[in-house]
Amino acid sequence: MSITTHPDTVLIIDFGSQVTQLIARRVREAGVYSEIAPFQSAEDAFKRLKPKAVILSGSPASTVDAGSPRVPDIIFESGVPIFGICYGQQSMCAQLGGAVEGSEHREFGRAFLDVEEDCALFQGIWEPETRHQVWMSHGDRVTALPPGFKVVGTSSGAPFAAIANDDRKYYGVQFHPEVVHTPDGARLIANFVHKVAGLKGDWTMAAYREQAIQAIRDQVGSGKVICALSGGVDSSVAALLAHEAVGDQLTCILVDHGLMRKNEAAEVVEMFRGHYNVPLILVDASDRFIGALEGESDPEKKRKTIGRLFIEVFEEEAKKLGGADFLVQGTLYPDVIESVSFTGGPSVTIKSHHNVGGLPERMNMSLVEPLRELFKDEVRVLGKELGLPDRFIGRHPFPGPGLAIRCPGGVTRDKLEILRSADAIYLDEIRKAGLYDAIWQAFAVLLPVQTVGVMGDGRTYEYVCALRAVTSVDGMTADFYHYDMDFLGRTATRIINEVKGINRVVYDVTSKPPGTIEWE
């Protein structure tokens with residue numbers, strides 16, 4: 001299912017940059033709808049979307065290499081405004097009559113742009129003869145401009161760090177405005193879509209809601225629909241959209257696979273049955289899942305086992321209902337992007353418990369994915385629009401494989417119960433401290449390590465529990481949350497005292513840099 005009625009769309013052509021998704025986020029933050037298409041299918045996407053502007057992403061490739069990615073000619077022939085970023089700038093120059101060469105003056109990380117001339121891209125943000133921090137990541141650089149372009153910014157390693165052709169509304173920058181390390185980058189992108197392309201910035205979740213509901217009705221018709229409900233934000237919002245669209249044609253199925261957090265299944269049932277009066281079937285399949293996973297240590301086999309069993313359960317429940325024509329699931333836009341990425345689709349492995357590529361033919365059902373054009377934070381806004389309680393809208397992301405992947409090494413019932421108890425205490429302390437909403441995601445991990453400890457007058461040989469908490473906006477980049485030691489000490493003491501099987505607690509201070517896809 002696709003929502004296709006966006007009159008003002010920006011097409012982002014992906015050449016394989018690790019941060020292409022951030023470009024789409026910045027455009028949407030400016031109130032304009034955007035879609036990403038890999039360069040291989042960019043021409044088809046351009047014809048389908050009829051965008052009002054195009055942005056060209058960065059890339060690990062080099063324009064000086066034979067066979068490197070290129071912008072389809074139809075883009076330059078269309079007359080729409082174009083903004084090239086890093087490789088996108090280089091490709092634009094190489095294809096329009098300029099020159100790009102490999103450089104010994106590479107720039108990676110923080111750099112400074114000297115603004116030489118004014119242009120529409122800089123209007124109201126940067127004045128000539130000023131210097132501004134930007135984020136560079138390039139080896140090649142432009143060495144000659146195409147006809148009609150002028151230099152509007154330079155850096156120590158890039159004499160053509162920002163270029164402009166105001167007549168054609170073509171702009172290029174060697175730096176990355178989409179990352180937070182370029183402080184004014186989001187404003188530059190907003191300038192491009194508003195002042196250069198003339199787009200209004202009136203894309204809202206209220207409008208998306210109405211379009212999504214109508215799209216579900218158009219796709220489903222009078223068919224029978226089941227929804228894979230996990231209780232997370234994504235599936236909850238997808239279920240409410242589908243219920244608003246087709247009412248009792250929808251039956252939600254919540255599979256308790258024994259890998260959920262403490263009391264999670266009961267909370268979901270109470271909300272959907274009690275508050276929303278949505279038809280809901282609770283399937284207790286914990287013995288089936290845990291039995292299949294017990295002793296398995298390979299994380300990818302865990303995911304695939306869980307994904308296979310989910311499909312089997314949904315097939316069985318659909319048969320009990322007399323069959324179903326459609327399956328609703330909360331696929332998000334990053335899942336879709338990753339499944340067709342420049343590099344061949346990292347979600348083939350990273351998202352292997354999802355059905356991004358479609359359902360097995362034997363299920364004889366079509367997927368309904370009303371959120372497949374949204375990012376996680378946009379789903380939260382849509383959830384608020386639908387009246388979903390704040391406690392569900394603000395829930396920390398919890399992956400489909402649940403506790404199985406937060407229990408590295410072999411899975412056993414005992415280890416899952418230990419982890420479930422420790423995780424519940426951790427989240428309880430976070431809420432008591434008033435920190436839950438300040439943290440994007442927090443969870444406990446039961447490490448496959450046992451240590452000798454002394455508790456009271458005896459020795460113990462028990463597991464190590466790791467606590468993780470990160471701050472983020474969209475999950476694409478993250479940093480660890482800076483707890484004070486009193487909080488960590490209090491939480492660790494509770495876990496060790498109350499959870500038999502743990503005698504050490506550590507805090508994970510790993511950050512998530514741009515380009516890593518999923519945080520587990």
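Pairs linking a residue in the stretch 360-376 that is in contact (Cβ under 8 Å) with a residue 60 or more places away in the chain and of a type in the set (Ser, Thr, Tyr) to a residue that is in a helix (DSSP H, G or I) and surrounded by fewer than 23 Cβ atoms within 10 Å (Cβ to Cβ), with Cβ atoms under 8 Å and 6 or more positions apart or on different chains, are Ser366/Gln219. Pairs meeting the criteria (first residue in the stretch 417-433 and closer than 19 Å to Met485 by Cβ, second residue aromatic (Phe, Trp, Tyr) and open to solvent by 20 Å² or more (accessible area, probe 1.4 Å), beta carbons under 8 Å, at least 6 apart or on different chains) are Ile430/Tyr436.
In summary, Ile311 fulfils each of the numbered conditions (1) part of a helix (DSSP H, G or I); (2) at pLDDT 90 or above; (3) not hydroxyl-bearing (Ser, Thr, Tyr) with the single exception of condition (2). Say we look at the stretch 309-337 and pick out the residues that are surrounded by 19 or more Cβ atoms within 10 Å (Cβ to Cβ) and not hydrophobic (A, V, I, L, M, F, W, C); which of these is nearest to the chain's Cα centre (by Cα)? Among those residues, the one meeting the criterion is Pro334. Residues of the stretch 197-219 that are crowded, with 22+ Cβ neighbours inside 10 Å and assigned to a helix (DSSP H, G or I): Tyr208, Ala212, Ile216.
Being over 27 Å from the mean Cα position of the chain (by Cα), within 26 Å of Val411 (Cβ to Cβ) and among the aliphatic types (A, V, I, L, M) is a property that Ile290 has. The test for being surrounded by 15 or more Cβ atoms within 10 Å (Cβ to Cβ), part of a helix (DSSP H, G or I) and within 33 Å of the chain's Cα centre (by Cα) holds for Ala186. Of all residues in the stretch 416-463, exactly one satisfies the criterion of being of a type in the set (Lys, Arg) and modelled with pLDDT under 95, namely Arg459. Of the residues making up the stretch 400-412, those that are open to solvent by 20 Å² or more (accessible area, probe 1.4 Å), of a type outside the set (S, T, N, Q) and within 19 Å of Ala285 (Cα to Cα) number 2. Check the stretch 35-56 and report whether any residue there is under 18 Å from Thr143 (Cβ atoms), under 27 Å from the mean Cα position of the chain (by Cα), among the small types (Gly, Ala, Ser) and open to solvent by less than 30 Å² (accessible area, probe 1.4 Å). Within the stretch 35-56, not a single residue is under 18 Å from Thr143 (Cβ atoms), under 27 Å from the mean Cα position of the chain (by Cα), among the small types (Gly, Ala, Ser) and open to solvent by less than 30 Å² (accessible area, probe 1.4 Å).
Once the stretch 89-119 is narrowed to residues that are under 29 Å from the mean Cα position of the chain (by Cα) and within 17 Å of Gln133 (Cα to Cα), the residue that is modelled with the lowest pLDDT is Glu107.
Flag: Ile496 matches the condition of being open to solvent by 30 Å² or more (accessible area, probe 1.4 Å) and either over 30 Å from Val381 (Cβ atoms) or out of contact with any helix residue (DSSP H, G or I) (no Cβ under 6 Å at 6 or more places or on another chain) (or both).
One line per residue, one yes/no per condition, for (1) open to solvent by less than 40 Å² (accessible area, probe 1.4 Å); (2) under 20 Å from Ala404 (Cα atoms):
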{"site": "Arg261", "(1), (2)": "yes, yes"}
{"site": "Asn277", "(1), (2)": "no, no"}
{"site": "Glu294", "(1), (2)": "no, yes"}
{"site": "Lys301", "(1), (2)": "no, yes"}
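Scan the stretch 163-178 for residues that are assigned to a loop (DSSP other than H, G, I, E, B), surrounded by 19 or more Cβ atoms within 10 Å (Cβ to Cβ) and not polar (S, T, N, Q) and the total you get is 5.
Yes/no per residue for (1) touching a residue at least 12 places away in the same chain (Cβ under 8 Å); (2) under 25 Å from the mean Cα position of the chain (by Cα):
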residue	(1), (2)
Val220	yes, no
Val225	yes, no
Leu229	yes, yes
Gly232	yes, yes
Ala238	yes, yes
Gly247	no, no
Val255	yes, yes
Leu259	yes, yes
Lys262	yes, no
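Is it the case that some residue within the stretch 141-158 is within 23 Å of the chain's Cα centre (by Cα) and open to solvent by 10 Å² or more (accessible area, probe 1.4 Å)? No; the residues of the stretch 141-158 include none that is within 23 Å of the chain's Cα centre (by Cα) and open to solvent by 10 Å² or more (accessible area, probe 1.4 Å). Checking the structure you have, find out if any residue of the stretch 139-156 is of a type outside the set (Lys, Arg) and in contact with a Ser or Thr (Cβ under 7 Å, 6 or more places away or on another chain). Within the stretch 139-156, one or more residues are of a type outside the set (Lys, Arg) and in contact with a Ser or Thr (Cβ under 7 Å, 6 or more places away or on another chain).
Selection of the stretch 12-46 for residues being part of a helix (DSSP H, G or I) and not hydrophobic (A, V, I, L, M, F, W, C) yields Thr20, Gln21, Arg25, Arg26, Arg28, Glu29, Gln40, Ser41, Glu43, Asp44. Listed by position, the strands (runs of 3 or more DSSP E) enclosed by the stretch 47-162 that each have at least 2 residues that are free of Cβ contacts under 8 Å to residues at least 40 places away in the same chain are 99-115, 150-155. Within the option set Lys415, Lys432, being open to solvent by less than 30 Å² (accessible area, probe 1.4 Å) and farther than 30 Å from Gly31 by Cα holds for one residue only, Lys415.
The number of residues in the stretch 276-302 being assigned to a helix (DSSP H, G or I) and free of Cβ contacts under 8 Å to residues at least 12 places away in the same chain comes to 2.
Does Phe487 fit the bill of being in a helix (DSSP H, G or I), open to solvent by less than 50 Å² (accessible area, probe 1.4 Å) and not polar (S, T, N, Q)? Yes.
The values are calculated or read from the model by the stated rules, or taken from the named source; none is laboratory data. Here the structure is a predicted model, which is why all the values come from computation and not from measurement. A quick note on method: Cβ atoms are made from the backbone with ideal geometry, for glycine too, and the neighbour counts reach across all protein chains shown. Areas reflect the complete protein model, heavy atoms only, side chains present, ligands, DNA and RNA absent. Shrake-Rupley method; radii C 1.70, N 1.55, O 1.52, S 1.80 Å.
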